Every structure is written in structure tokens, then in C-alpha cells.
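Bear in mind these aren't lab numbers, they're just calculated from the coordinates by the rules spelled out. Only a predicted model underlies this, so the values are computations on that prediction, with no experimental measurement involved. All Cβ positions, even for glycine, are placed from backbone atoms using ideal geometry, and neighbour counts span all protein chains on display.
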Amino acid sequence: MNTHKIAVISGDGTGPEVITEGVKVLEAASDRFGFKLDFTWYDYGGERYLRTGEVLPEGAVEDLKQYKAIYLGAIGHPDVKPGILEKGILLALRFALDQYINLRPVILYPGVDTPLKDKGPEDIDFVVVRENTEGLYVGAGGALKKGTPDEVAVQESINTRKGVERCIRFAFEYCKRRNQKKKLTFCGKTNVLTYAFDLWERTFYDVAREYPDITTDYAHVDATCMWMVKNPEWFDVIVTDNMFGDIITDLGAMIQGGMGIAAGGNLNPEGVSMFEPIGGSAPKYTGKNVINPLAAICAGQMMLDYLGEIEAAKAIEEAVKKVVSQDMKSLSAGRMGYSTTEVGDLVMKNLVI
Ligand code: IPM
Ligand code: MN
């Protein structure tokens, strides 16, 4: 029997609650589809940091390299200054494990409310490929004369040909395999950020020559936001840099029904990938059994798909589709008509071979 070793970092806030449901569904899927998941739990997160002063202990990254994937809940604690855990755990893992793709599907399932008037599931079905290890996120820059009237702050966007090219190449391959509209939109800001996006643009059209079957398109990031609201049906796959990808995928999450359902994968196609709900730790809902676990369940589904358990992943997706269209009143915390654990149970019950 196929066994997949998975590291689980349930993290902070509602992370543990949603990951518990995700693991429950994943285990049910592995039973039904005849493979094994071997979970090892790690306590990295805000509580551990407050107790030990450590974000990731020494050796953590090396240790995590033994797994096929990491299943992550949420990072962020109300008693820890913003930035420490995000940079010390989430971004540190993305960078250290060279997870250079952040794959974020924006798919509206039937029966789910979207704030976009007159748009339905046939209009909202695309995937954002966000570069995940470069750009403004590398932490390049510095501050001078901090706290004085002469203070200077510089934050630079680092873009390498290698980093940009591997991301764009992944996006073309993904678009080809997705086999839908076969259209790849490059989202940038070539009219203003003329160094970074010149590199991106040249790379995009260089790689495009190897994919004559894929239609290429370009939109500035501000226009991308506009089209995502006005004509989301135009998109199939969007490729963009780290910062723009961060921003447009929150917009994407909203049009697909909210943070309750939005999932993503931090991928290193040659190494260890990490799957997570894209929302945060939601401290105000913590421990109340009201948070929506579907985003975590969908992250689990993406993880199985990535591990090659295609049938099981498909079954989870179908179960989620059933539960959102037939059972749940809303995808928002506290308004689902069910508790967190009940939603997990519903998905499990609908898992069929
Ligand atoms: C995300 C999050 C992170 C990011 C934060 C928590 C560092 O917003 O995964 O989109 O900016 O990448
Ligand atoms: Mn974000």
C-alpha cells in the first residue's frame, strides 16, 4: 500500500480546529481509496514562540525535508507582534524549502454565494500561479535614521531570471495540463515597474514560444483586479509576482465565496510542498467550533492531488461540492447552519468511491 508521510503544523487560532477536520477527511479518504497517510504533528506557532522564544527550532527545516508534504493550519497570534510568526515560520518555510509556486485556485462551486452580481460557477473558474520566493518578500532593503524626521525606508523587489522563468514555465505547463481555455494571463505593472516587469515580460514571451497552443494575454495588476470583478470568465490561469499574487488572491477568495473555502499550495515540484487554507488564524472565532473547515479540507484535497492520489482528491472535491450546495446555509463562520466538526462530518459522509 502506498504510504505518504505528512508533517502537520496546525498552528495558531482556529488552525488546529480546521486541521483536525481536514485530517479526519483525509483519513477517511485514505481508508476508502486504499493508501496510507502517516501524520506527524509539530507545534510550531504562536504558543510555542511565547513559551520558548523560538519560531522554528534549529534543524526544523532539515527535519521537514523527510516528508512528502506539509499540511499547515494558520500562523498568527494576537499576543505576538505582527511579522514575527509570519516571517519566522510561514515565509521561512516557503523560502527554506524553495516552494517557488503558490498555487491558488479561484473556483466558485454551485450553490455558493458570490458578491459578483450576475456571475455564477461557469464564470468563476481560474487559477492564480503566484511566484512565492522572490519579489518584495525577500526582505531586501533597510532603514536609516529610524524614528527621526530624516528616516529613510527602502524595500526592494528582487527578481531573478531563474526565479521568474521557473514560475512562468510552471504556469504554462499547468495551463496546458488544466486543458480548459488554454489561456495564460501575465499580470504585472509594465508601465511603471519597468525593471522588474521588463524581466518578467521578456521571460513570459520567451517561454510562450514553446507553448504555441496556449493563448497569452497581459493585464496590469490594477486592471486585473477590475477584470476579476467585471469579467472573471476571461481568466483561465494567471501568473504573477509574489506581492501582486498575494493581493489578487484575497480578491479571488472573496469572489469564490470567502476565506472559508479558499485553499492554496506552496509548491516545490522538486522538493517538499506545503498546503494551507489561505485565510488567517481568526482569533475571534478560536475554540468556538464555528469556523469553516472547508478551506483546510480543500487544501488537503490539493495535497492528495499533488501526491498523485487523484481519485481520492476528486472524491473530496465532489463531497465538498455536495455539502456547499445541499447542506450549508453560508460559508461564513458562525452562519454555516452547522458547527466546524459537523461540516467535517458532512464532507466525510459524502466521500464515495
Ligand atoms: C498569504 C498571507 C501571507 C503572505 C502572510 C501571512 C505572510 O497573506 O499566504 O497570502 O503575505 O503571503
Ligand atoms: Mn495573503
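Name the residues in the range 90-122 that are farther than 21 Å from ASP241 by Cα and either β-branched (Val, Ile, Thr) or without any contact (Cβ under 8 Å) to a residue 40 or more places away in the chain (or both), would you? Across the range 90-122, the qualifying residues are VAL112, THR114, LYS117, ASP118, GLY120, PRO121.
Those helices (runs of 4 or more DSSP H) of the range 257-352 in which 3 or more residues are farther than 24 Å from GLY11 by Cα occupy 310-322. The single condition from (1) over 29 Å from GLY45 (Cα atoms); (2) more than 16 Å from ligand 2 (Cβ to nearest atom); (3) out of contact with any Ser or Thr (no Cβ under 6 Å at 6 or more places or on another chain) that ASP217 fails is (3). So how many residues does the range 247-305 have that are of a type in the set (Val, Ile, Thr), away from ligand 2 (no atom under 16 Å from the Cβ) and buried (at least 23 other Cβ atoms within 10 Å of the Cβ)? So the count comes out to 2. With the requirement that a residue be small (Gly, Ala, Ser), out of contact with any Asp or Glu (no Cβ under 8 Å at 6 or more places or on another chain) and more than 11 Å from ligand 1 (Cβ to nearest atom), what does the range 62-105 give you? Across the range 62-105, the qualifying residues are ALA69, ALA96.
From the list VAL154, VAL128, VAL112, which one is within 15 Å of ligand 2 (Cβ to nearest atom) and β-branched (Val, Ile, Thr)?
Details: VAL154 fails: within 15 Å of ligand 2 (Cβ to nearest atom); VAL112 fails: within 15 Å of ligand 2 (Cβ to nearest atom).
Just one listed residue meets the conditions, VAL128.
With respect to (1) without any contact (Cβ under 8 Å) to a residue 40 or more places away in the chain; (2) under 28 Å from GLY260 (Cβ atoms); (3) of a type outside the set (A, V, I, L, M, F, W, C); (4) in contact with a strand residue (DSSP E or B) (Cβ under 7 Å, 6 or more places away or on another chain), the lone exception for GLU156 is condition (2).
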